[in-house]
Structure formats: structure tokens, C-alpha cells
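Chemist: One structure is given below, represented as C-alpha cells, and several questions about it will come after.
Only the coordinates and a few stated rules stand behind these numbers; no lab work does. Since the structure is predicted, the reported quantities are computational estimates derived from the model, not experimental observations. Neighbour counts are summed over all protein chains in view; Cβ atoms, including those assigned to glycine, are modelled from backbone coordinates with ideal geometry.
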Amino acid sequence: MKKYWRCGLVIMVLTAVIMAGPSLQAKQAPSGSHKQAGYLKITDDAGRTTVLGRKPGRIVVLSPSFLELLYAVDGKAVGRPSSSIDLRLPKQGRSIPEVGFAYHINVEKVVALQPDLVIAMQGIQDALVPVLESNRIPVIVLKYKTYDDVFDKIALFGNIAGTKQKAAAMIQNLKAKLKMITAKLPNQITKVAILRATSKSVSLELENSIAGNTAKLLRLQNVAAGSRPFDSGADLTPYSLEKLVESDPDLIFIVTMGKTAEIENTLRLDVENNSAWSTLRAVRHKKVAFLPSELFLLNPGLRIPESAAYMAKLAYPEVYGSVQ
């Protein structure tokens, strides 16, 4: 009887361990995307968890930027956003059905494509999530602001497409190019102000904007760093010429949003007609430059080394050469 009792106790203990095993593994699993209970488990940037039972074969992408990265790691989509410019659309993806512009997605068209995964942009398409989920469509919401976001999304899309090694090699290549740029940075403090200009207003960009992130990579001191953003998570803070004069940056970069020529003319007139501008070190030394929107307004994605090199040339032409 004692023998049978001991065997029973061992069996009970082993059963408890086996049953607890998956639970313990789930608690220890890192955040982000990882294999578990099917093809892939993803924790998106909104903190939501999506489990894919199998490799998705019908992906709808709601941002041209994400479409670029997905195809770069050999992924494919069955639906994409409309785009007024083709800079971010890979050639293979231009012929697939459109579901509306990023800010005006046609949900009915998305549902009609019967996707097994929808990739949405955080801050733009969050409101679509409940509608898609009510149609039992898996959806992940992703942010895409900084250089680190580029690396994270390449890795994630590599996991989704089943091309993890290609994604890792791509990340390594991009980081190596950035390292070559930063390796030549001079050992000096250079202050920069980054203005975001529209036809109606001017704001200062923080370090979490694309241009701000580039400046941080190049160890440029952003005069707006630490300022309170307009909203939680925003990359802009209020601007005033008085504060700009007080901080007196060595460089002024301007990112335009809207009709570039019109905005540039308005700013030039402001500079010419306001004597305060002439007191700025950057203005006196002709260190004011307009940054191309395709590299600094939107996340440049796979072109991040190009963005970094462009700003480095503006900041230190004696080291990197002049912008052509």
C-alpha cells in the first residue's frame, strides 16, 4: 500500500508540474513578438495581444511605411492604402487593391478582402480596431516615429513573414551604416532648433520627432529638449521667437508640412521683416536650412542612413561634405 501511495503522489506532482509549465513560460516570455501556442504571439504598441494560429497569408497594411518594410523582408499584402506619392510603395505592392488613404480608410473594403491580419498605424487608425475585431479580423496597432521603431518593425515583420534571418541582417546593415556616420562626429557641442512650419503655424520639434531623433543620433543639442509637448506623446512644443533668441542655436532646421514653396516664402519674409531674427547666431552665419519632407517629416524607414548623412552634412560640412 505504501508503494502504491508513493507512486500516486509522484504522479500527482508530475501532473501539477506539467500543467503549470506553460503558465510559467508565458509569464517569463519577453514582450514584443514571439512564438507561442501557434504561429506567433504579438504584443503591439497599444499593449494589445494578438495570437496568430498560422502564418498570415492575407495581410492588409494601412500605412505605406509599413508596406515598404513588409515587402523588404519578403512579406506580401492583399490590400494597401492609397497614396498620392509612390515613394513608399514597393513595386510589387502597387498593383494590389487599395482601401483608401491612411487617414480615411474604407473599412468595408478592408473587410471584403477577408484578411487574416491587419497592420494599423497608432495615432491615426486606432478607431478602426473595434470595427475590425467585431468582424473577427486580427489587427495590430504599431507606432512608427523613431529610428528604434524602424528596427523593431523590421524584426516584427520578419517574424510575421517567416524571414527572421533576413530581417536581422537588414537591421545589422542599417546600424552599421549609421555607425559609420556617427564615428566621424566632431567632439563639440552644437545647439540646434528644429522648426515645424505649416501655412498657419510654427512649432518646435522635440527629440521624439524624426528630425529630432536624427539630431539626437548626431549628438546635436536640441534647444527644445525637455519642453512640454502639446499633448501626451506628441513630438511638438509651442514656439516663440523670444525663446529662440534666448537659446540662440548654432543651427536652425525647418521641416515644412503642406505647400513647401508657400511656407518657405512666408518664413523668409518673416526673417527679413523682423529684426529679432538677425540677432540669431544661426541666421548671421547662414546656418538655416529647410529639410526635405520625405526624409524628415515622415519616418524615412529604410532610408534612415540617408537622413542621418543629410543632416550631418548640414551640421558639419567640413567633415561630411556639403549637401548637393
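Chemist: Under the rule of at least 5 residues apart or a separate chain, name every residue whose amide H is placed under 5 Å from the amide H of residue 221.
Modeler: Excluding prolines and chain starts, which carry no amide H, the hits are 190, 191, 192.
Chemist: Residue-wise, which Karplus ³J(HN,Hα) couplings in Hz belong to the range 42-47, taking 6.51 cos²θ - 1.76 cosθ + 1.60, θ = phi - 60°, and x for glycine or proline?
Modeler: Values per residue, Gly and Pro as x: 10, 9, 7, 6, 8, x Hz.
Chemist: Would you please classify the overall shape of the range 33-179 from the alpha carbon gyration tensor, given that a ≥ b ≥ c denote the square roots of the eigenvalues, rounded means a/c under 1.5, and beyond that prolate means a/b larger than b/c while oblate covers the rest?
Modeler: Judged from the Cα gyration tensor, the range 33-179 comes out oblate (a/c at least 1.5, b/c at or above a/b).
Chemist: Have a look at 145, 91, 76 and tell me which one the Gaussian network model of the chain (Cα, springs below 10 Å) gives the largest fluctuation.
Modeler: Per the Cα network of the chain with a 10 Å cutoff, 91 tops the list.
Chemist: Just checking my list (1) 32, 21, 17; (2) 29, 27, 16; (3) 46, 24, 19 against semi-axes √(5λ) of the Cα gyration tensor in Å computed from this structure; which label fits?
Modeler: (3)
Chemist: A further question follows. Once the piece of chain linking residue 271 and residue 221 is laid out straight, how much longer is it, given 0.36 nm per residue of separation minus the C-alpha distance between them?
Modeler: Values: separation 50, 0.36 × 50 = 18.00 nm, distance 2.31 nm.
Computed gain between residue 271 and residue 221 is 15.7 nm.
Chemist: Pick from 177, 200, 259: which is most flexible by mean-square fluctuation in a GNM of the chain where alpha carbon atoms under 10 Å apart are linked?
Modeler: 200
Chemist: Compute the acute angle (0 to 90°) between the alpha-carbon long axis of helix 2-28 and the principal axis of greatest extent of the alpha-carbon atoms of the chain; round to the nearest 10°.
Modeler: Helix 2-28 and the main axis of the chain meet at about 20 degrees.
Chemist: Looking at this model, which pairs from 143/164; 91/200; 166/216; 76/177 are more than 32 angstrom apart at the alpha-carbon?
Modeler: Numbers: 143/164 20 Å; 91/200 36 Å; 166/216 28 Å; 76/177 27 Å.
Exceeds cut-off: 91/200.
Chemist: Here is a follow-up. Give the long-range amide H neighbours of residue 82: residues separated by 5 or more places, or on another chain, with amide H under 5 Å away, using H modelled in the peptide plane at 1.01 Å from N.
Modeler: So residue 82 has HN proximity to 99, 100, 101, 102.
Chemist: Let me ask something else about it. Mind checking the range 87-167 for chymotrypsin sites (Phe, Trp or Tyr not before Pro) that DSSP puts in a loop (not H, G, I, E or B) and that have at most 13 other Cβ atoms within 10 Å?
Modeler: Answer by residue number: 103.
Chemist: Still on this structure, I have one more. Using modelled backbone amide H atoms (1.01 Å from N, in-plane), which distant-in-sequence or interchain residues come within less than 5 Å of residue 291's amide H?
Modeler: 254, 255, 256
Chemist: Which ³J(HN,Hα) values in Hz, rounded to whole numbers, follow from the phi angles of the range 123-129 under the Karplus curve 6.51 cos²θ - 1.76 cosθ + 1.60, where θ = phi - 60° and Gly and Pro get x?
Modeler: Couplings: x, 10, 10, 4, 5, 7, 4 Hz.
Chemist: Springs between alpha-carbon pairs under 10 angstrom, Gaussian network model over the chain: which of 154, 263, 252 fluctuates most?
Modeler: Ranking 154, 263, 252 by mean-square fluctuation puts 263 first.
Chemist: Only helical DSSP H runs with n ≥ 4 go in: add -39500 (n - 2.57) per run for the chain, normalise by residue count and round the 222 nm mean residue ellipticity to 500 deg cm²/dmol. Intermediate results must be reported in sequence, preceding the final value.
Modeler: On the way: 14 runs with 139 residues, N = 324.
Using -39500 (n - 2.57) per qualifying helix, the result is -12500 deg cm²/dmol.
Chemist: What FRET efficiency comes out for residue 260 versus residue 188 if R0 is 45 angstrom and r is the Cβ-Cβ distance? Round to the nearest 0.05.
Modeler: On the way: r = 31 Å, r/R0 = 0.69.
Once rounded, the FRET efficiency stands at 0.90.
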